[in-house]
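The values are calculated or read from the model by the stated rules, or taken from the named source; none is laboratory data. Just so it is clear, the model here is predicted, and its values are computed rather than measured. We place every Cβ from the backbone using ideal geometry, glycine too, and count neighbours over all the protein chains shown.
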Amino acid sequence: MPDNQTIIDAVQAEIETDRDWLIGLTRDMVRIPSVNPKFEPNPAINREADVQALLEPILKQDGFRTEQWDALPGRPNLVGEWAGDESCSLILCGHIDVVPVGAMKDWSVDPFGGEITNGRLYGRGAVDMKGGVAACIAAARAIRKAGITLQGRLAIHSVVDEEAGGFGAMDAVKKGKLAKAVLVAEPTWGDVLPVEGGLEWARVTIRGRNAHSALRYNEIYPQRHDKDRLEPGVNAIEIAARFIAAVRQYELDRTRAKSHPLLPLGMNTINIGVMHGGTGLGEHGLPTVMTNPAIIPDVAVLDLDMKFLPDENSADYRRDFEAFVHHFAQTDAW
């Protein structure tokens, strides 16, 4: 029986032999737009099912028993498995949904063209993470071509909805698609990260008092407090600006005070990714009017992406953040 290094060398040799095949698979995946519909609903670019349809026959050709099911309506997960010993089973996992491309004018290439320039493949999802999914499939293909039979069960999970919270992978877990170990092929620039932190999405809604912008002087300049004075407006966006500055300091304090030895320093960040400001809090939790600068806004809504460390938990993190929000509120007279 060959030793481990001989097996590794044989697999790596097959990967090098199939380099163009791997690049071509990544390119084919990038050329299928699979933007997460939670961010940009458009059937022309929400084509996760087409990506899975590309991958499934490739997995079958390499001897995988495959299964697809909708993790979310019209958004299928794909799992392929080689049978083997459960005690040393392994999942290779990656997601096929991508984030929106943003402004097309800011792209120097077609975001879904899979263009190769100076040895680099460009396109939305090339790194995050269609390249990783293709690498998982290429690794299994190389094992087969090298004539190696694995002792343990090997599964490849191609999942949806990672960009909006990982609900595709969670659905696979709910369906019992488990193993003794999982390797997630997210881009880490060659580093092996043996632990993973947690993620919370939070929404902070700041309320003010609306008024006409012509009466802003009544808000910001000292006035006589007589019985005929109009109630001054309170600009929720300005309070939000102060809150954002406070969050930045809170984030700095947390990342400097807390770290984990198996993760890069500063991983426990807080990103304020979305802000809505305007007037009238609607049933959907957002301002109903966001197009009139002549109104002093009474609503500002912030959506935050908050990461915490492997030795922290969601409940404690939320409790700490809510305490921070409470203390911030105490510093504002309104």
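Within the option set Ala155, Ala179, being outside any helix (DSSP H, G or I) and under 26 Å from Glu200 (Cα atoms) holds for one residue only, Ala179. Looking across the range 83-94, the residues that are touching a Lys or Arg at 6+ places or on another chain (Cβ under 9 Å) and closer than 27 Å to Val127 by Cβ come down to Leu90, Ile91, Gly94. Listed by first and then second residue, the pairs with beta-carbon distance under 7 Å, at least 6 apart or on different chains, first residue in the range 204-223 and under 12 Å from Gly277 (Cβ atoms), second at pLDDT 85 or above and of a type in the set (S, T, N, Q), are Gly208/Asn235; Asn210/Thr279. Are there any pairs, at least 6 apart or on different chains, whose C-beta atoms fall under 6 Å, with the first in the range 149-164 and in contact (Cβ under 8 Å) with a residue 24 or more places away in the chain and the second of a type in the set (Lys, Arg) and part of a loop (DSSP other than H, G, I, E, B), and if so, which? So the pair list comes out as Ala164/Lys38.
Where strands (runs of 3 or more DSSP E) sit wholly within the range 192-298, those with at least 2 residues that are among the hydrophobic types (A, V, I, L, M, F, W, C) and not assigned by TED's automatic domain parsing to the domain that holds Pro100 occupy 198-207, 270-281. Got at least one residue in the range 49-65 being more than 30 Å from Arg120 (Cβ to Cβ) and crowded, with 20+ Cβ neighbours inside 10 Å? No, every residue in the range 49-65 fails to be more than 30 Å from Arg120 (Cβ to Cβ) and crowded, with 20+ Cβ neighbours inside 10 Å. Looking across the range 107-144 at every residue that is surrounded by fewer than 20 Cβ atoms within 10 Å (Cβ to Cβ) and of a type in the set (D, E, K, R), the one that is nearest to the chain's Cα centre (by Cα) is identified as Asp128.
Quick grid of which residues meet (1) in contact with a strand residue (DSSP E or B) (Cβ under 8 Å, 6 or more places away or on another chain); (2) in a strand (DSSP E or B); (3) not polar (S, T, N, Q):
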{"position": "Leu22", "(1), (2), (3)": "no, no, yes"}
{"position": "Pro43", "(1), (2), (3)": "no, no, yes"}
{"position": "Ala49", "(1), (2), (3)": "yes, no, yes"}
{"position": "Gln52", "(1), (2), (3)": "yes, no, no"}
{"position": "Leu55", "(1), (2), (3)": "yes, no, yes"}
{"position": "Leu59", "(1), (2), (3)": "yes, no, yes"}
{"position": "Gly63", "(1), (2), (3)": "yes, no, yes"}
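Looking only at the range 269-306, residues that are under 26 Å from the mean Cα position of the chain (by Cα) and modelled with pLDDT of 95 or more come to 19 in all.
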